[in-house]
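Accompanying notes for the structure given below.
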Amino acid sequence: MKCIIGFFITKPGKREEYLEAARDHLEKSRLDPDCLYIELVPMPDHPDKILLAEAFTSEEAHRRHEDTDHMRALWAVGPILLSNVVIDNVISASVQHIDERFE
């Protein structure tokens, strides 16, 4: 199993726009039988912060998830709407997450 917990910080005032852009991705991801859970949760104490929580049956299942058209579409809007991505916790046999777009 692979579980990921992290936070996205949107550019000021862009949280709702990012959540709307992510809607198709979330819906399609939830149809994948290897996706056990995926959610983006707006944080009530910060107007631009979103909690990411997701779980997949395996590392390979998560890699397949990353190689989908709906994931690529969401990544395309990331640099436009997000200012920071922090992956706080990954539980997996192999732990590595590098996203150079937000360094």
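Residue by residue through segment 32-48, note down the ones that are charged (D, E, K, R) and within 20 Å of H62 (Cα to Cα).
So in segment 32-48, the residues charged (D, E, K, R) come out as 32, 34, 39, 45, 48.
If the condition is that a residue be charged (D, E, K, R) and within 20 Å of H62 (Cα to Cα), then D32, D34, E39 are the ones that fit.
For segment 6-55, enumerate the residues that are of a type in the set (A, V, I, L, M, F, W, C), farther than 18 Å from G78 by Cβ and assigned to a strand (DSSP E or B).
C35, L36, A55
Looking at V85, V77, V90, V95, which one is among the β-branched types (V, I, T) and modelled with pLDDT of 95 or more? So that I can check it myself, show each step before the final result.
Values: V85 fails: modelled with pLDDT of 95 or more; V90 fails: modelled with pLDDT of 95 or more; V95 fails: modelled with pLDDT of 95 or more.
On inspection, the qualifying residue turns out to be V77.
Rundown of residues vs (1) touching a residue at least 12 places away in the same chain (Cβ under 8 Å); (2) surrounded by 12 or more Cβ atoms within 10 Å (Cβ to Cβ); (3) of a type outside the set (S, T, Y), yes/no style:
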residue: G13; (1), (2), (3): yes, no, yes
residue: L19; (1), (2), (3): yes, yes, yes
residue: H25; (1), (2), (3): yes, yes, yes
residue: A53; (1), (2), (3): yes, yes, yes
residue: S58; (1), (2), (3): yes, yes, no
residue: E66; (1), (2), (3): no, no, yes
residue: I87; (1), (2), (3): yes, yes, yes
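Return yes when M71 is surrounded by 15 or more Cβ atoms within 10 Å (Cβ to Cβ) and of a type in the set (A, V, I, L, M, F, W, C) and no when it is not. Can you show your working first?
On the way: surrounded by 15 or more Cβ atoms within 10 Å (Cβ to Cβ): yes; of a type in the set (A, V, I, L, M, F, W, C): yes.
Criteria met by M71.
The values are calculated or read from the model by the stated rules, or taken from the named source; none is laboratory data. Treat the numbers as computed from the prediction; the structure is a model and nothing was measured. Counting neighbours? That spans all protein chains shown, and the Cβs are built from the backbone with ideal geometry, glycine included.
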